[in-house]
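The values are calculated or read from the model by the stated rules, or taken from the named source; none is laboratory data. Keep in mind that this is a model prediction, so the values were computed, not measured. When we count neighbours, we look across all protein chains shown, and the Cβ atoms used for this are built from the backbone with ideal geometry, even at glycine. Areas reflect the complete protein model, heavy atoms only, side chains present, ligands, DNA and RNA absent. Shrake-Rupley method; radii C 1.70, N 1.55, O 1.52, S 1.80 Å.
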Protein chains: 2
Amino acid sequence: MSTEQAAARRDIPDATVNRLPVYLRVLRKVATDGHTTISSETLAEQSGVSSAKLRKDLSALGSYGVRGVGYDVATLAGHITGALGLERQWAVAIVGMGNLGRALATYGGIGVKGFEIKWLIDDDPRVVGSVVGGQKVVHFDALVPHVDEGVIGVIATPAPSAQQVADRLIAAGVRSILNFAPAVLTVPSDVQVRGVDMATELQILAFREQNARGPQGDREMKELMA
Amino acid sequence: MSTEQAAARRDIPDATVNRLPVYLRVLRKVATDGHTTISSETLAEQSGVSSAKLRKDLSALGSYGVRGVGYDVATLAGHITGALGLERQWAVAIVGMGNLGRALATYGGIGVKGFEIKWLIDDDPRVVGSVVGGQKVVHFDALVPHVDEGVIGVIATPAPSAQQVADRLIAAGVRSILNFAPAVLTVPSDVQVRGVDMATELQILAFREQNARGPQGDREMKELMA
DNA sequence: AAATGTGAAGGGCTTCACAGCC
DNA sequence: GGCTGTGAAGCCCTTCACATTT
């Protein structure tokens with residue numbers, strides 16, 4: 001069973017992994033609404049995907065549904081949590097205590113499970129020692145992960161400092177980075193980076209609205225060609 | 001030329017559109033470094049993609065490179081800007097003036113081109129009228145887009161308010177939404193939503209680090225976007 | 001009767017490899 | 001010689017459709 005999970009986990013397609021957090025969030029909401037089971041049709045609709053896709057995704061984790069009934073909400077949430085590796089605890093280090101860093105530090109959705117914001121980091125002496133969200137801001141040097149401790153670094157500094165911060169995170173042993181600064185980072189191949197940036201998102205939205213197509217479906221043809 | 005651009009624009013694959021903003025950003029950096037031309041190899045490396053992928057992406061816009069030489073930085077940046085529809089001006093409305101909203105309002109990378117933060121919105125009477133980043137915070141009712149004005153709504157409120165804010169944005173005529181709240185939104189099919197959420201990103205990073213990307217033979221920086 | 005799980009088909013994206021052009 | 005642009009091949013993901021199970 002443990003082996004089965006591990007075996008399945010290794011085969012989960014990238015696209016599926018990217019959607020699992022969404023399913024997990026919807027399941028939590030559904031659970032608080034008092035539902036104990038849910039069909040693929042309903043869960044898919046609330047997650048914004050097709051039911052076929054949802055079932056394929058879930059089947060990559062194993063067979064946890066009941067034909068003719070649906071999925072048990074709590075059980076399914078547990079299996080997704082396990083597949084994502086959230087049984088283990090991850091330490092998060094947020095670097096940069098400007099507006100964005102403070103927003104992330106006080107962000108509600110993180111404390112659910114699996115993650116603990118362990119370091120709030122800033123190099124400005126006027127900021128070090130202050131308290132944000134009930135936690136003390138420390139100097140970069142305080143970032144000393146324990147051996148085998150999974151650490152995720154979050155960069156919330158202005159763009160010009162981002163690369164330097166990334167270098168220091170990597171030097172401290174961090175191998176996963178979430179970058180909110182509008183900059184492209186250069187990192188060794190054993191370090192993974194995910195970038196989140198408002199400008200990029202706005203540009204993608206602008207393109208899609210201009211070309212008048214939603215998720216899929218209605219296309220709107222316009223001017224003609226010569 | 002205008003026709004050619006429009007023709008090409010219609011055929012740009014989704015995956016390519018998602019990467020164009022990255023190329024654009026790298027080109028800007030490269031330009032400030034004084035380079036006037038760049039090869040696909042170099043641009044690809046700095047963007048974190050393969051050179052073949054980069055050339056395929058760019059060829060979807062047209063043939064703007066010179067064989068044996070590379071791409072003219074300024075020219076290419078201009079064509080990407082045009083393809084993304086940033087020649088036109090877009091108005092941005094940020095809803096929610098907490099830490100996150102203030103961070104986004106004062107975010108530097110947005111003013112580059114194509115976007116203007118036109119409304120900072122909050123419903124708290126104690127916040128309305130205050131000034132953030134040199135701009136006055138207004139009540140939601142002040143959001144009255146001009147006809148044919150492209151507006152993008154940015155949700156920076158706590159999760160419980162997100163759906164209601166989305167509904168009001170849509171009622172005001174907004175058809176593109178960028179959602180920073182950790183909530184899944186339900187919207188009509190002609191409205192597009194992109195969600196950005198730290199918890200989701202952390203979960204994806206955790207999964208990948210845990211599975212050490214061994215099976216696939218580790219690639220370098222994979223997707224920078226969701 | 002109802003809903004899952006999944007082979008098979010289809011579509012899109014990436015990689016390869018080289019022809020074409022400067 | 002060097003680098004772009006692109007058909008072709010391969011891979012991954014999505015969709016379809018239905019057999020399977022409760």
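Quick look at the numbers
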item	result
Chain B - mean residue ellipticity at 222 nm from DSSP helices (-39,500 (n - 2.57) per run, n ≥ 4, rounded to 500)	-12000 deg cm²/dmol
Region B:2-84: relative contact order in percent, alpha carbon pairs under 8 Å with at least 6 residues between	42 percent
DSSP bridge orientation in chain A - percent antiparallel, rounded to nearest 5	20 percent
Region B:2-84 - convex hull of the alpha-carbon atoms, volume per residue in Å³	81 Å³
Farthest toward positive dipole pole in the protein assembly as shown [+1 Lys/Arg, -1 Asp/Glu at C-beta], among A:Ala199, B:Thr186, B:Gly34	B:Thr186
Within the accessible area of region B:2-84 (1.4 Å probe), percent carbon and sulfur	50 percent
Percent antiparallel among DSSP beta bridges (both partners in region B:90-200, rounded to 5)	10 percent
Spin-label proximity, A:Val66 to region A:74-101 - amide N less than 13 Å from point 7 Å beyond Cα toward beta carbon	A:74-76
Between B and A, accessible area buried - total, square angstrom, nearest 100, 1.4 angstrom probe	7200 Å²
Where B:His139, A:His35, B:His79 fall by accessible area, highest first, once all protein chains stay in place (1.4 Å)	A:His35, B:His139, B:His79
Over the protein assembly as shown - Rg/Rh using Cα atoms and the Kirkwood inverse-distance radius	0.95
Mean separation of Cα contacts under 8 Å (6+ apart) over length of chain B, as relative contact order %	14 percent
Across the identical copies, how the A:Val131 labels are spaced - nm, sorted shortest first, 7 Å along Cα→Cβ	3.2
Accessible solvent surface per residue of region B:2-84, calculated while the other protein chains remain in place, 1.4 angstrom probe, Å²	47 Å²
Three principal axis lengths of region A:90-201 [C-alpha, angstrom, descending]	35, 35, 30
Exposed GluC sites (Glu not before Pro) absent - longest run of chain A, DSSP non-H/G/I/E/B, at most 13 other C-beta within 10 Å	A:1-86
Exposure rank, largest accessible area first [A:Asp148, A:Asp11, B:Asp122; 1.4 Å]	A:Asp148, A:Asp11, B:Asp122
Computed label-point distance, nm, for sites A:Arg126 and A:Lys56 using a 7 Å Cα→Cβ extension	5.4 nm
Heavy-atom accessible area ranking, 1.4 Å probe, most first, across B:Arg168, B:Arg208, A:Arg175, A:Arg126	A:Arg126, A:Arg175, B:Arg168, B:Arg208
Long-range tail of P(r) for region A:146-198 (Cα pairs > 13 Å, %)	51 percent
